[in-house]
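Derivation of every value follows stated rules applied to the coordinates shown; laboratory data play no part. All values derive from a computational prediction rather than experimental measurement. Don't worry about glycine lacking a Cβ; one is built from the backbone with ideal geometry, like all the others, and counts go over all protein chains shown.
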Amino acid sequence: MIDKILIALGLLLSSTVFSAPQVPGMPPNYTPSSEEDLIAYGRAKIHTELGSQYYGSGQIGVALDEFTIALAAERRYVPANYMLGLVYMELKDDAQAEQYFKRALELDNGNSEAHNNYGWFLCQRGKIEDSIQQFMSALKNPLYETPDKPYVNAGLCSLKRQDDKAAEEFFLKALKLNPNQPQALLALADLYLRAKDLPSARAQILPFMKTHQPTAEALWLGVRIERKLGDRNSQKSYEQMLQQRFPLSKETQALATGRYE
């Protein structure tokens, strides 16, 4: 089945190669010169997409196999390189992770997702300033489809060094691009709760609840915000949802023992 898809993809690309010289995921100067090139590209693309699905579901070993197959087919396929960087980051093999992130950027220094993922790796390893530089580099491409992500990541990394002001600015920029950005809404709600700016905290948690499936973290935030505001009805509503939907969560356990702080 995969071979049939690859052949069809090869025919499609071969018919459009001259009108679309930039092949997605390949270096800017890449030009396929044969049907074999197109088949190799298609194989790399398909196995990278499969690997990404496995990575997203936590099946790191299978994801590693898929990305390795992708690069065996076409070693210049940029997404396979930066996704392998993420896999090795999960495996705590920092040398390998760094190698693949840098390889991705050597192939295409304008690839926003490569910059964003490398930035996240640097953030997790405590290199906050370097990570934020990578997030800002990701934003230089005006065609990047999800520019809110680097802003959110820059905000989360700013929180790691307890720079709440910078974090707030990054989260607000993310929300300007995507008003329903879930991580930014929750992070700002938590930040404002800690700053005792309760109306602003409520102003972030409410749109999250309206546009996203409530999580245990979000409901627990809601409980604590409404408790501080003195709105017992809203507090009780959040508590009931938390207990019903997430009975075994650490948030429900904290509620049961009255550990609100």
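In the structure shown, the pairs Lys45/Lys210; Lys102/Lys160; Lys127/Lys210; Lys140/Lys165 are assessed against 32 Å; a Cα-Cα span above that value is assigned to Lys45/Lys210; Lys127/Lys210. What FRET efficiency would be calculated for the residue pair Thr257, Gln133, taking the C-beta separation as r and a Förster radius of 51 Å, to the nearest 0.05? Approximately 0.75, to the nearest 0.05. Can you tell which of Ala195, Ala174, Ala138 shows the greatest fluctuation in a Gaussian network model of the chain with Cα springs below 10 Å? Fluctuation is largest for Ala195. Per residue, the chain reaches -23500 deg cm²/dmol at 222 nm when only DSSP H runs of four or more residues are counted, each adding -39500 (n - 2.57). The long axis of helix 112-124 is offset from the longest Cα principal axis of the chain by roughly 50 degrees. On the basis of the beta-carbon distance and an R0 of 30 Å, Gln96 and Gln53 show a calculated FRET efficiency of 0.90. For a quick check, take a GNM of the chain with Cα springs below 10 Å and name the residue from Leu242, Leu172, Leu122 with the largest mean-square fluctuation. Per the Cα network of the chain with a 10 Å cutoff, Leu242 tops the list. Ordered by the number of other Cβ atoms lying within 10 Å of each residue's own Cβ, fewest first, Asp190, Asp93 fall into the sequence Asp93, Asp190. Computed over the alpha carbons of the chain, Rg followed by Dmax gives 22.0, 69 Å. Rounding to the nearest 10 and keeping the result within 0 to 90°, find how far the Cα-based axis of helix 148-160 lies from the longest principal axis of the chain. Approximately 60 degrees, to the nearest 10. Multiplying the residue separation of Arg194 and Glu106 by 0.36 nm and removing their Cα-Cα distance gives an extension gain of 27.5 nm. Within the chain, which is the longest segment that contains none of the trypsin sites (Lys or Arg not before Pro) sitting in a DSSP loop with at most 14 other Cβ atoms within 10 Å? The longest uninterrupted stretch comes out as 1-74.
Compute the relative contact order of the range 198-261 as a whole-number percentage, counting only Cα pairs closer than 8 Å that sit 6 or more residues apart in sequence. Reported as a whole number, the value is 30 percent. Where does helix 94-107 land angle-wise versus the long Cα axis of the chain, in degrees 0 to 90, nearest 10? Approximately 60 degrees, to the nearest 10.
Site pair Asp164 and Gln240 shows an inter-label distance of 3.3 nm when each label is modelled 7 Å from Cα along Cα→Cβ.
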